[in-house]
Structures are given as structure tokens and as C-alpha cells.
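Peer 1: Below are the C-alpha cells for one structure; questions will follow.
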Amino acid sequence: MTTVEHYSIEIDGMSCASCVERVEKALLGIDGINTATVNLANNTVSVTGLCSHTELLNTLQAIGYPARQDSIELTIDGMSCASCVSRIEKALTSLPGVLNATVNLASGSATIKLLNGSTEISQLILAIAEQGYAASEKRNDQTSLTARKHSELTALKRNTFVASVLTLPVFILEMGGHLFPAFHHWVVQGIGLQTSWLIQFILTTLVLAGPGHTFFTRGFRSLFKRTPDMNSLVALGSSAAWGFSLVATFLPTVLPAQTKAVYFEAAAIIVTLILLGRYLEASAKGRTGDAIQKLIGLQPKTAQVERNGIDTVLTLDQIVIGDIILVRPGEQIPVDGQVLSGSSFVDESMITGEPVPVKKHKGVDVVGGTLNGTGALRFTVTKVGKDTMLAQIIHLVEQAQGARLPIQDLVNRITAWFVPAVLLIAVLTVVLWLVYGPQPALPLALVSGVSVLIIACPCAMGLATPTSIMVGTGRAAQLKVLFRKGQALQTLHDTQVVAIDKTGTLTQGQPQLTDLCVADGWQEEDVLCWVAAIEQQSEHPTAQAIVRAAENRKLQLPDVHAFRSMTGMGVFARVNDYSLLIGADRLMRQEGISLGNFEQTGEFLAKQGKSPLYVSIDGQLAAVIGVTDPIKNTTPNAIQVLLDRGLKVVMITGDNYHTAHSIARELGIDQVIAEVLPEGKVAAIQQLVADHGKVAFVGDGINDAPALATATVGIAIGTGTDIAIESADVVLMSGDLEGVVNAIDISRKTMRNIQQNLFWAFGYNILLIPIAAGLLYPVNGMLLSPMLAAGAMALSSVLVVSNALRLRWIRPVSK
């Protein structure tokens, strides 16, 4: 159980002394809490005692004073395997107020969710340092990030080179004699066997103490703390080979005559090959973050700012909301804003994926990172820093890349005991060789034990999932698919049903008024004028279509009184002393208004794919309006690809039954749920989940937010409302259904890639550890060399990362 001892946390909602009393009373009612003291001035409560974080959070939430939570990201240096990950996570979650901690081996980062005010960043960094790793607060600064990675890579390259130079003579002196007997005789007669061993001792010691020292400092420290990791395995293996050789060189009488041999080359080559593997691995891992680097690089470093009538070049961190920015032709727009003057076409493909430039003029928004065309623009800044769209996109991608999928939990449970199990197997291997092995048993036991320690590869297991997630979600961002919640990457893989809203998702979301049929006694222009005046109060696309039609006829819209919206049904208002009711046929029936002959007219319009809207004036049906919303050009192909993928596609809409079925037939959708209110969409999705399992819902309107939150995976069209996007697991910046196809394809290919990595990582260890222990020796006399074991181990991690990098080449399947 996660426990707390003594700390302060920040809470919301307190306003008076009665709030203080209520909070203190509720917290003191929790078993294990000894004291609870509220400070109303700074909205904090100091708690002492022991209780679960969950119970603490639930209690505060239940009484209406939720605890403030924060998320902190740290950069961690020195991690090498899954054991490092689990050790750091355990250390972080043991701190007061830390709700959970997710460490990503591939990116060398940690995301910590904690209660505000409970634990300082310095305490988090100290807890990581006590485990033997260096940590610092993460910064989204391209220059510092690139410099850090370059520095790490340079150090690894230097150490690998030095180790190789020192190891090569050792390898030649020892292995040259085994490969070429004549060379062995030359060594013995020329410099002497003992001198050869002394040279090997000096060079190997330099390798272990110099380039390889990190294995020993970190490995033995972890071992002494009883939390062994991969460094511990390398340190023990190379130390055993070096120690045995040391005795054979300087105390030869201690060993039986037939066992006198040195394995300096094994110790040196183990370190050199693993350094080489880490260098190749770091080079490959550096490419897993290419997507983020490209996004960060979209934003220019400076901007031309107009302040007090004077033009000044400022860095982005000096720009504030309200500043006026000048953008010349061909320049990148630095931050988000609204155009004050000028006109130009702007390339927004980095946001929308659409290659056609968008016209910008006075009053239109511009987005930081997009590329200005041939005109000049002058705009006022509306968003800076982390609030800009580009910063939010980067944040979403980073969140997804750092996510832990459910499949990772299984890996973590296995790796928790993996290294201790390898140590036990190595000990048993040595014992069994000494007891049952042929003579000389001691060197054979040593070689086998060292090989077991070296060939085990927790690195590959630790990298299998996060590298694939990083590359997969990064490639998704390049295809304009943002996984707001990393878990959706796995959930979407198993989805069987894709439910889709109609308006703005299947269709363009820009309806056009096509028909207006009025009853006898009413004038068409009067009805349109009154209806448009009422619909002007609404932001619904259909309402806007009616308003545009009135504007095109240059009608003067009258004042509206007593406006009332009925969600999912229609609107009511008074205009020129008339009471108008505008909505679907179900609204008319609910109000007891007969549709009369207009019922057939409405059905006829619906069968043509148009949405019929009825108008009642003073309780009598006065008109029926036909509105059509063209299907997006990309929709038919996207629907067909989804069906070809074996997915069931369902349309869920509040639109007319006949209209919905007409569009469904055109697109090849065989199941339609029509004429449903927002809560009806939720019920429909719940039923689909009950019938088919996991369901993805695609929508874009404010009415879709509950459905997006209810679905197994909510997919929001990025051109939709902010509320819908916040309710979604996946956001499609491209604004069309082809993004859904790409999201599902990326999910499936990423999960397949993870499975391949895990199969290799676990299969490698299951197969090669017994071989390293000498399983094949009784059969064919084969005994694995520690050098080959080191090479195999280094190669294993490189293969996992390289396999993950293949995801960078995922193509948009529907293009």
C-alpha cells in the first residue's frame, strides 16, 4: 500500500472556516491519519499518519475539495536495462504524495504524477541519485536536448574507441596463438608466455578501469544494495574472468597445473563489445525522437516585434500576449495570433496535413510554426509558450511516447526477478560444472558461469516496448494523428467496431440550404428571414447554413425574443409577435403539431440525403427546410479501407432516419443508429460495446463529447470543438476519416512490432542462457565463449531498437 507520513498538499474549493472544519473532520475520519491541519490562507492541509493515496484523494473529492495534482518530467542519465527502470519507479513511488511514476528507458525520462505541495523536485532528483542515477528537470529546449544526446554519444564513441585500441593487442596475443600455432610459438620464444600475460594484464586492467569503469561503479553498487541490474552482470562476469587470470599470472601455484590459463581477452572483449553495443543502441535510440525534434524545429528562434512603434527582434521567450508581430514573405510564423493587417496564403500542412495554402486576412487566426507565403502579415499575439498549438502538439506526442501500455506491466513483473534469476543460474552453473564436469573442471566452470552472466540481456526486454511506442507515436504525429493517451495505442489495436458521427465527420460540416417549402398563407422570404434570425443564435452547422442563405438574399433579420434551445431537438423563439418552433419531426410530434402533407415532403428530402427541418408558427406547421451536407471527398475511400480491414462500421447520428440511411447506403455502411440525442449516442455505444467488445467512436461536435468519453477509444476530428478533443483518446489533425485508418494501422503495426521485440528479447534469453551454461556440451562438446556471449548480448539490444525504427517508414495506407 502506498503510504504517507507527513507532508502538505494543496486543495481546491475552500472559502471559509466551515470548509476548514469539514476538510479536517473528513481527513481525521480516515484510518491511519493522526493529524490534519488546514491553512485557509494558502489552501493547504498538513497531514501526518499512514494511509493510501487513493483513500486520501477519494475522501477529498467526495466532500468537494479535490487535491491539486501535478505532473513533473525528469531526464535521467545512466539507465541501462529494465531493472534500472523498476528500481527508479519503486524509489519515486515511495516518496510522500507521489501517485505514480513512469520511467521510459528508451527516452531516458520519467513522468511523475504527484499531489501538489507534497514533494519538491529536488527530493525526486535526490531519490533517483540515491539509486545511482543522475536526474534533472526536463526541458523542451531543442539545443540543450540535442547537446545532451550528442555529449552522451560522443562519450560512448570515445570509450568504445579507447577500449578497442587497448583490447586489440590482448586479443591478438591470446587468440592469435589459438588460431595460428606458429604465432603461439613465436610469442613463447620471443617475449615469453609470462611477459605476454603481463602485457595482457596491464592492457585489460586499463580497459576495465578506464572505459569500462561505469559497469563496475554502478554494477557493484546495485549489487550491494541487493538490486542487481545489467551492469551487475557485466561487472561480475568480467571481474570473474579478470580475477581468475590475475591469480593464474601472479599466484600460479594456487591453481592446479592443468587449470593455469588466462582469460584477460574475455574480460577486455566483454567490456569493449558491450560498449560498442551501447554506442550503436544510443545512435539508434537517438533516431526514435526524430518526430519530436522536427516538431520543435518548426518554430523559429526569433521574431520581429513592433513595440511602441519600434521594430525589434526578440527571442520567443521575450514575446508576450498582445505583442504585434511582423512576418515577411517566406518566413515562419513564430507564435499563435490573429491577423491585424495584410493578406497572404499560409502553408498549414504541418498542422492539417493539407497541402493547399490557406488564405489569411484581417481577423483570421494564424498558428505558430506554419509557413507564410508571398504576402506580408501583421498580427497580434494571442498565445505564447506552452499554450501555443505547436507546444500542445509536442506535449501530446511526448505524453504518448512516455506512456506505459498494459503489455508493459507483464514485462515489468518478469524483469523484476530476471537479474536475480540469472545470478542464481550462473552460480548453479559453476557448481554443477565443478561437481559433474570433466577435467579441468575449474576453467570450464568459470567460462560457463561468465557466459551466463554476460549473455543475459535485460536491456532488450526493457527496450522492447518503449522504443516501439516512441517511434510509432512519433510517426503517427507526422501523419497528423495524435495519441493523447498512450494506452489508446494498444486498445485501438483490439478494436472491432468503428462508430462514426455523421455531421462534420463523414460530411464536410458545412451544410447548404437546398429547399424551402412553405404552407399556404406564408411568404418564403418572411419564413426564411424569421428562421434565420432565430438560428443566428445557434452555432450548429445547419443553423449557419440557414443564416448564410438569408445573407445571400440580403434579408434584414429582425430581433429575437425568448430564445430557448432544446438539445438534440430544436429551438423556440418569438419574432415579430409570432412564436416559432424549429426542429426535427420528433420535436413537432412531441409538441403535438401535425406534419400533414409536409411529412411526405420531408421523407422525400431525406431519401435524397438531405436533412429535413420543420418550422411551426403559432402552433401550425408553416414550412419544411431541406439542408444538405456534402460528403467529404476522402470519406468513401476511408470507409472502404476500414471495411477491408475487417472492421464493422456503424453510423450514429441525431439526423433524420431516412437521411442517415441514404448516406449510409451511398458509403456502404450497413448499420445506422439515427435520430438519437447526445445521451442516445452514449447508450448506443454502450450497447455496441456489450455486443461486440471494444468500440472506437469518431466525432467532432460538442454533442459528441459524452460519446467520445464513453467509447473504448474516442477519436476526435481535430477541426472540431476543444471540448470534443479534450474528451478524446486520439486526435486527428487532418480533419478527415483517412486519419482513422492511419491511426488503426499505426496501432496494429506498433503492437505487432512490440510483440516481435518481446518475442526476440524473451526467446533470446530462454534459448541462449541454457546454451551459455553448457547445455550442448554433453551432446557435441560445444561451450559458448564469453566473447561470443558479449557480442550476442550487445547485438540483442541493437536488434530490438533497429526493429522499432522500422516503424518510421509506415506509409499512410489510404493515400
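The values are calculated or read from the model by the stated rules, or taken from the named source; none is laboratory data. Since the model is a prediction, treat every value here as computed from it, not as a measurement. Here the Cβ is made from the backbone with ideal geometry for all residues, glycine too, and neighbour counts use every protein chain on show. What goes into the accessible areas is simple: the full protein's heavy atoms, side chains included, and nothing from ligands, DNA or RNA. Shrake-Rupley method; radii C 1.70, N 1.55, O 1.52, S 1.80 Å.
Peer 1: Say we look at segment 225-241 and pick out the residues that are in a helix (DSSP H, G or I) and out of contact with any Leu (no Cβ under 6 Å at 6 or more places or on another chain); which of these is farthest from Thr415 (Cα to Cα)? It would help to see each step written out before you state the result.
Peer 2: Kept after step one, since they are in a helix (DSSP H, G or I), are these residues of segment 225-241: 230-241.
Subset that is out of contact with any Leu (no Cβ under 6 Å at 6 or more places or on another chain): 230-231, 234-235, 238-241.
Values: Met230: 11, Asn231: 14, Val234: 17, Ala235: 19, Ser238: 22, Ser239: 24, Ala240: 24, Ala241: 26 Å.
That would be Ala241.
Peer 1: Still on this structure, please answer the following. Check whether at least one residue in segment 523-545 is surrounded by 18 or more Cβ atoms within 10 Å (Cβ to Cβ), closer than 25 Å to Val676 by Cα and among the charged types (D, E, K, R), and report yes or no.
Peer 2: Yes, segment 523-545 contains at least one residue that is surrounded by 18 or more Cβ atoms within 10 Å (Cβ to Cβ), closer than 25 Å to Val676 by Cα and among the charged types (D, E, K, R).
Peer 1: A further question follows. Among the residues of segment 661-720, count how many are assigned to a loop (DSSP other than H, G, I, E, B), of a type in the set (D, E, K, R), open to solvent by 50 Å² or more (accessible area, probe 1.4 Å) and in contact (Cβ under 8 Å) with a residue 24 or more places away in the chain. Walk me through how you get there before you give the answer.
Peer 2: The first filter runs over segment 661-720 and keeps only residues assigned to a loop (DSSP other than H, G, I, E, B), leaving 668-670, 674-677, 693-694, 700-701, 711-712, 718-720.
Right, trim to of a type in the set (D, E, K, R) and you get 670, 675, 694, 700.
From what is left, the residues that are open to solvent by 50 Å² or more (accessible area, probe 1.4 Å) are 670, 675, 694.
Now restrict to residues that are in contact (Cβ under 8 Å) with a residue 24 or more places away in the chain: 675, 694.
Of the residues in segment 661-720, 2 are assigned to a loop (DSSP other than H, G, I, E, B), of a type in the set (D, E, K, R), open to solvent by 50 Å² or more (accessible area, probe 1.4 Å) and in contact (Cβ under 8 Å) with a residue 24 or more places away in the chain.
Peer 1: On to the next question. Against the definition (under 46 Å from the mean Cα position of the chain (by Cα) and part of a strand (DSSP E or B)), how does Arg564 come out, yes or no? Before the answer, list the steps.
Peer 2: Numbers: under 46 Å from the mean Cα position of the chain (by Cα): yes; part of a strand (DSSP E or B): yes.
In short, yes.
Peer 1: Would a scan of segment 594-606 turn up a residue that is within 27 Å of Asp700 (Cβ to Cβ) and open to solvent by 10 Å² or more (accessible area, probe 1.4 Å)?
Peer 2: Residues of segment 594-606 that are within 27 Å of Asp700 (Cβ to Cβ), as a first pass: 602, 605-606.
Filter once more, so that each one left must be open to solvent by 10 Å² or more (accessible area, probe 1.4 Å): none.
No, segment 594-606 has no match at all.
Peer 1: Taking segment 129-178, which residues are in contact with a helix residue (DSSP H, G or I) (Cβ under 6 Å, 6 or more places away or on another chain), small (Gly, Ala, Ser), modelled with pLDDT under 85 and in a helix (DSSP H, G or I)?
Peer 2: Of everything in segment 129-178, those that are in contact with a helix residue (DSSP H, G or I) (Cβ under 6 Å, 6 or more places away or on another chain), small (Gly, Ala, Ser), modelled with pLDDT under 85 and in a helix (DSSP H, G or I) turn out to be Gly176, Gly177.
Peer 1: Exactly one of (1) of a type in the set (Ser, Thr, Tyr); (2) more than 23 Å from the chain's Cα centre (by Cα); (3) outside any helix (DSSP H, G or I) is unmet by Tyr764. Its number?
Peer 2: Condition not satisfied by Tyr764: (3).
Peer 1: Please work out which one of (1) at pLDDT below 90; (2) surrounded by 22 or more Cβ atoms within 10 Å (Cβ to Cβ); (3) over 28 Å from the mean Cα position of the chain (by Cα) is the condition Asn633 fails and give its number.
Peer 2: Checking Asn633 against (1) at pLDDT below 90; (2) surrounded by 22 or more Cβ atoms within 10 Å (Cβ to Cβ); (3) over 28 Å from the mean Cα position of the chain (by Cα), the one that fails is (2).
Peer 1: Further question: Pull up segment 804-815, narrow it to residues that are assigned to a helix (DSSP H, G or I) and touching a Ser or Thr at 6+ places or on another chain (Cβ under 9 Å), then point me to the one that is surrounded by the most Cβ atoms within 10 Å (Cβ to Cβ).
Peer 2: Here the residue is Ala804.
Peer 1: While we're on this one: Name the pairs whose Cβ atoms lie under 9 Å apart, with the first residue in segment 528-555 and over 22 Å from Lys502 (Cβ atoms) and of a type in the set (D, E, K, R), the second part of a helix (DSSP H, G or I) and open to solvent by less than 30 Å² (accessible area, probe 1.4 Å), and 6 or more positions between them or separate chains?
Peer 2: Filtered contacts from segment 528-555: Glu551/Ala532; Arg553/Leu528; Arg553/Cys529.
Peer 1: Let me ask something additional. Considering (1) modelled with pLDDT of 85 or more; (2) within 20 Å of Val447 (Cα to Cα), say which one Phe244 fails and leave the rest.
Peer 2: So the condition that Phe244 fails would be (1).
Peer 1: Output yes when any residue across segment 763-771 is of a type in the set (Gly, Ala, Ser) and either touching a residue at least 60 places away in the same chain (Cβ under 8 Å) or at positive phi (or both), and no when none is.
Peer 2: No, segment 763-771 contains no residue that is of a type in the set (Gly, Ala, Ser) and either touching a residue at least 60 places away in the same chain (Cβ under 8 Å) or at positive phi (or both).
Peer 1: Given the structure, is Trp197 in contact with a helix residue (DSSP H, G or I) (Cβ under 9 Å, 6 or more places away or on another chain) and free of Cβ contacts under 8 Å to residues at least 12 places away in the same chain? Walk me through how you get there before you give the answer.
Peer 2: Numbers: in contact with a helix residue (DSSP H, G or I) (Cβ under 9 Å, 6 or more places away or on another chain): yes; free of Cβ contacts under 8 Å to residues at least 12 places away in the same chain: no.
In short, no.
Peer 1: Is it true that Phe224 is modelled with pLDDT under 90 and not polar (S, T, N, Q)? I'd like the intermediate steps shown before the answer.
Peer 2: Details: modelled with pLDDT under 90: yes; not polar (S, T, N, Q): yes.
So Phe224 fits the description; yes.
Peer 1: With (1) over 27 Å from Leu233 (Cα atoms); (2) assigned to a strand (DSSP E or B); (3) touching a Phe, Trp or Tyr at 6+ places or on another chain (Cβ under 9 Å) as the list, and Asn100 as the residue in question, which single condition is left unmet?
Peer 2: Single failed check for Asn100: (3).
Peer 1: State whether the residues of segment 370-388 include one that is closer than 30 Å to Asp494 by Cβ and not hydrophobic (A, V, I, L, M, F, W, C). Walk me through how you get there before you give the answer.
Peer 2: The first filter runs over segment 370-388 and keeps only residues closer than 30 Å to Asp494 by Cβ, leaving none.
Within segment 370-388, not a single residue is closer than 30 Å to Asp494 by Cβ and not hydrophobic (A, V, I, L, M, F, W, C).
Peer 1: From (1) open to solvent by 10 Å² or more (accessible area, probe 1.4 Å); (2) more than 35 Å from the chain's Cα centre (by Cα), pick out the condition that doesn't hold for Ala622.
Peer 2: (1)
Peer 1: Any chance segment 603-626 includes a residue that's of a type in the set (Gly, Ala, Ser), more than 23 Å from Gln508 (Cβ to Cβ), in contact (Cβ under 8 Å) with a residue 60 or more places away in the chain and in contact with a Gly (Cβ under 9 Å, 6 or more places away or on another chain)? Spell out how you get there, then give the answer.
Peer 2: Our first condition is that a residue be of a type in the set (Gly, Ala, Ser); within segment 603-626, this holds for 606, 609, 611, 616, 619, 622-623, 626.
Filter once more, keeping what is more than 23 Å from Gln508 (Cβ to Cβ): 616, 619, 622-623.
Right, trim to in contact (Cβ under 8 Å) with a residue 60 or more places away in the chain and you get 622-623.
Those left that are additionally in contact with a Gly (Cβ under 9 Å, 6 or more places away or on another chain): 622.
Looking through segment 603-626, at least one residue is of a type in the set (Gly, Ala, Ser), more than 23 Å from Gln508 (Cβ to Cβ), in contact (Cβ under 8 Å) with a residue 60 or more places away in the chain and in contact with a Gly (Cβ under 9 Å, 6 or more places away or on another chain).
Peer 1: When segment 359-380 is examined, which residues are found to be open to solvent by less than 60 Å² (accessible area, probe 1.4 Å), in a strand (DSSP E or B) and out of contact with any Leu (no Cβ under 9 Å at 6 or more places or on another chain)?
Peer 2: Asn372 - this is the single residue of segment 359-380 that is open to solvent by less than 60 Å² (accessible area, probe 1.4 Å), in a strand (DSSP E or B) and out of contact with any Leu (no Cβ under 9 Å at 6 or more places or on another chain).
Peer 1: Looking at segment 773-791, is at least one residue within 34 Å of the chain's Cα centre (by Cα), more than 20 Å from Ile414 (Cβ to Cβ) and not acidic (Asp, Glu)?
Peer 2: We begin by selecting, within segment 773-791, every residue within 34 Å of the chain's Cα centre (by Cα); these are 790-791.
Right, trim to more than 20 Å from Ile414 (Cβ to Cβ) and you get 790-791.
If we keep only those that are not acidic (Asp, Glu) too, we end up with 790-791.
Yes; the residues of segment 773-791 include at least one that is within 34 Å of the chain's Cα centre (by Cα), more than 20 Å from Ile414 (Cβ to Cβ) and not acidic (Asp, Glu).
Peer 1: Moving on. Looking at Leu193, is it over 53 Å from the mean Cα position of the chain (by Cα), within 22 Å of Leu446 (Cβ to Cβ) and open to solvent by 40 Å² or more (accessible area, probe 1.4 Å)? Walk me through it before giving the result.
Peer 2: Values: over 53 Å from the mean Cα position of the chain (by Cα): yes; within 22 Å of Leu446 (Cβ to Cβ): yes; open to solvent by 40 Å² or more (accessible area, probe 1.4 Å): yes.
Answer is yes for this residue.
Peer 1: Also, quick follow-up: Mind listing just one residue for me: the one in segment 292-314 that is under 30 Å from Val481 (Cα atoms) and open to solvent by 50 Å² or more (accessible area, probe 1.4 Å) and, of those, modelled with the lowest pLDDT?
Peer 2: Let us first name the residues in segment 292-314 that are under 30 Å from Val481 (Cα atoms), namely 292-303.
Checking which are open to solvent by 50 Å² or more (accessible area, probe 1.4 Å) leaves us with 294, 299, 301-302.
Values: Lys294: 72, Gln299: 78, Lys301: 84, Thr302: 87.
Here the answer is Lys294.
Peer 1: Sticking with this structure for a sec: Of everything in segment 54-74 that's open to solvent by 10 Å² or more (accessible area, probe 1.4 Å) and within 22 Å of Lys138 (Cβ to Cβ), which residue is farthest from the chain's Cα centre (by Cα)?
Peer 2: First pass over segment 54-74, keeping only residues open to solvent by 10 Å² or more (accessible area, probe 1.4 Å): 54-55, 57-59, 61-73.
From what is left, the residues that are within 22 Å of Lys138 (Cβ to Cβ) are 68-73.
On the way: Arg68: 23, Gln69: 20, Asp70: 18, Ser71: 15, Ile72: 15, Glu73: 14 Å.
That would be Arg68.
Peer 1: Suppose we keep only residues that are of a type in the set (S, T, N, Q) and closer than 28 Å to Ile469 by Cα within segment 762-803. Which one would you say is surrounded by the most Cβ atoms within 10 Å (Cβ to Cβ)? Explain how you work it out, then say what you get.
Peer 2: Applying the first criterion (of a type in the set (S, T, N, Q)) to segment 762-803 yields 765, 780, 785, 796-797, 802-803.
Okay, now just the ones that are also closer than 28 Å to Ile469 by Cα, so 765, 796-797, 802-803.
Details: Asn765: 23, Ser796: 23, Ser797: 29, Ser802: 15, Asn803: 19.
For segment 762-803, the residue satisfying everything is Ser797.
Peer 1: Give segment 523-554 a look and list any residue that's more than 14 Å from Val627 (Cβ to Cβ) and not in a helix (DSSP H, G or I), or say none.
Peer 2: The answer is Gln523, Gln536, Gln537, Glu539, Arg553, Lys554.
Peer 1: Something else: Would you call Leu340 more than 19 Å from Leu295 (Cα to Cα), in contact (Cβ under 8 Å) with a residue 12 or more places away in the chain, hydrophobic (A, V, I, L, M, F, W, C) and buried (at least 16 other Cβ atoms within 10 Å of the Cβ)? If you could, list the steps in order and put the result at the bottom.
Peer 2: Values: more than 19 Å from Leu295 (Cα to Cα): yes; in contact (Cβ under 8 Å) with a residue 12 or more places away in the chain: yes; hydrophobic (A, V, I, L, M, F, W, C): yes; buried (at least 16 other Cβ atoms within 10 Å of the Cβ): no.
Here the answer is no, as Leu340 does not meet what is asked.
Peer 1: Another question, if that's okay. Any idea which of Leu198, Leu208, Leu203 is within 21 Å of Ala248 (Cβ to Cβ) and open to solvent by 40 Å² or more (accessible area, probe 1.4 Å)? Talk me through it step by step, then tell me what you get.
Peer 2: Numbers: Leu208 fails: open to solvent by 40 Å² or more (accessible area, probe 1.4 Å); Leu203 fails: open to solvent by 40 Å² or more (accessible area, probe 1.4 Å).
Selected residue: Leu198, the only one of Leu198, Leu208, Leu203 that is within 21 Å of Ala248 (Cβ to Cβ) and open to solvent by 40 Å² or more (accessible area, probe 1.4 Å).
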